[in-house]
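**Student:** Below is a structure I'd like to ask you about.
Values quoted throughout were computed directly from the atomic coordinates according to the rules given, and no laboratory measurement underlies them. Predicted model, so just to flag it, every value in this text is computed and none were measured. When we count neighbours, we look across all protein chains shown, and the Cβ atoms used for this are built from the backbone with ideal geometry, even at glycine.
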Amino acid sequence: MRILIYTVINMNGALGSRVNVETLARKLSAEGHEVVLFSPASAGEKRSFPFPAVYLRPAGEGWLVQKLLQDVRAGVELLRLVRRGWRPDVVFSRFGINTVVLPVLCTILRISYIADVHGSYEQTLVNEWGVPKFLLPVLLAVEKLNYLLSDRIITVSDELSLLVAQSPGVEKEKVLTIPNGIDLSLFGSEGAADPLFRERARGGKGMVFGFVGMFNRWLGVVNIIEAFALLKKEFPAVAREVKLLLVGDGAERATVEELIEREGLGDMVSLTGWVEHHEVPKYLSCFDVALAPYTSEPGTRGWGSSLKIMEYLAAGRWTIASEMTIVSRIIRETAAGYILPCAEPRAIMEGVLHAWEHRGELSERAQKARSYIRLHLSWEVRIRKIEDAMRAALEEKPCPET
């Protein structure tokens, strides 16, 4: 198939979402499909891919102006491809339900259009992106238009599928649940780091807790630091035996560093800064317990399918995590972690103490979740389901040539 992937994710960025989009495109390309990627670009060097990529460089000032111009540019580039003889069979809109031009053009040109939905647009726009509330009715209308013009709508959880299917005019049978996939070539095997690296990273401590990701409000990294400050004050004997390894960076880096200094946690906490995605397993292999105390992931309200938590579990790490649909079910069914009642520091500390008290049992429990993910949540499984959805959409709306 000829597949055009459209995304609002900046492919020059360090977000996990960028890795998700890139892996999708690479896997589809490896399956023999002709893939073209449409993505915004920022200043700096453009990434190279084994498939053509069109960068929709944002212009103008302000979120709304940039999105409108990107939307128009995407439509122009689609028409340009068609005029040159490359007509996609399917347009797959990844994180891109704020587009108008592409779904309308796909309807006119009889190209199958698939919307890939990862959360509540309303919560994302207002709470996380800071879009003025007076614009919300217009933008929500754009979201509904995407749903109505989509030949298939893919979500990452049953709960989110139910929410989308309740939207007026949406045909329920066209809403499919396909959870995020894990790259087992990266996260599915042991030995990601050599023993010397692990020994240095662990710092001689008896137990290592770790976090991987952006330092931002909704991923709870500040709450993690505050939890370990509580641990040091209330359970100093335990605190002396544990280490916290934070892999990542972001807007709250300065706050994190200030907290570490103020609470005297310098001997307990290590910061690595950004690491490339392919290096993450090396650091995960140093963890005994992984942490994911989401305060509220943008747009999900617990409906998401956290790639971070799934990577933790695929790597065989016992995980302390917030409630989040499929990953919470896996953790409960396999006893591969601890579900937080909330993401407050004291709740996180209690999860840490629970892990410490059961430290001899954690590795065996985590392997059960790892086996489940290998069977049901690999990228290979996800790609097969996406291909099936594309073929079904194409059968219902064949290109005029066919």
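**Student:** Whole-Hz Karplus ³J(HN,Hα) for the range 360-370, in order, using 6.51 cos²θ - 1.76 cosθ + 1.60 and θ = phi - 60°, x for Gly and Pro?
**Tutor:** With coefficients 6.51, -1.76 and 1.60, one gets x, 10, 5, 4, 5, 5, 5, 5, 5, 5, 4 Hz.
**Student:** Given Cα pairs under 8 Å that are at least 6 residues apart, what percent is the relative contact order of the range 184-376?
**Tutor:** RCO, the range 184-376: 25 percent.
**Student:** Using only Cα atoms, find the angle between the long axis of helix 325-334 and the longest principal axis of the chain, and express it within 0 to 90 degrees, rounded to the nearest 10.
**Tutor:** The angle comes out near 40 degrees.
**Student:** Quickly work out the Arg262-to-Leu135 label distance, labels modelled 7 Å from Cα along the C-beta direction, and quote it in nm with one decimal.
**Tutor:** That separation, rounded to one decimal, is 3.3 nm.
**Student:** While we're on this one: When you have a sec, figure out the Kirkwood radius of the range 341-402 from all distinct Cα pair distances and drop it here in Å to one decimal?
**Tutor:** Details: mean 1/r = 0.0631 Å⁻¹.
Kirkwood hydrodynamic radius for the range 341-402: 15.9 Å.
**Student:** Mean separation of Cα pairs under 8 Å and 6+ residues apart, divided by the residue count of the chain: what relative contact order is that in percent?
**Tutor:** It comes to 16 percent, rounded to a whole number.
**Student:** Moving on. If I take the Cα coordinates of the chain and project them onto the principal axes, what are the three extents in Å, biggest first?
**Tutor:** Taking max minus min along each principal axis of the Cα atoms, the chain gives 71, 43, 41 Å.
**Student:** For Val142 paired with Ser167, estimate the spin-label separation in nm (one decimal), with each label point 7 Å from Cα along the Cα-to-Cβ line.
**Tutor:** Placing both labels 7 Å along Cα→Cβ, they lie 1.3 nm apart.
**Student:** Magnitude of the Cβ-charge dipole of the range 184-376, K/R +1 and D/E -1, about the Cα centre, nearest 20 debye?
**Tutor:** Approximately 380 debye in magnitude.
**Student:** Using the 10 angstrom Cβ neighbour count as an exposure proxy, how do Phe134, Phe209, Phe215 rank, fewest first?
**Tutor:** Phe134, Phe215, Phe209
**Student:** Among Gly85, Gly220, Gly266, determine the one that fluctuates most according to a GNM of the chain built with springs between C-alpha atoms less than 10 Å apart.
**Tutor:** Result: Gly85 has the largest fluctuation of those listed.
**Student:** Order the peptides 162-174, 365-377 from the highest to the lowest mean number of other Cβ atoms within 10 Å of their residues.
**Tutor:** Final packing ranking: 365-377, 162-174.
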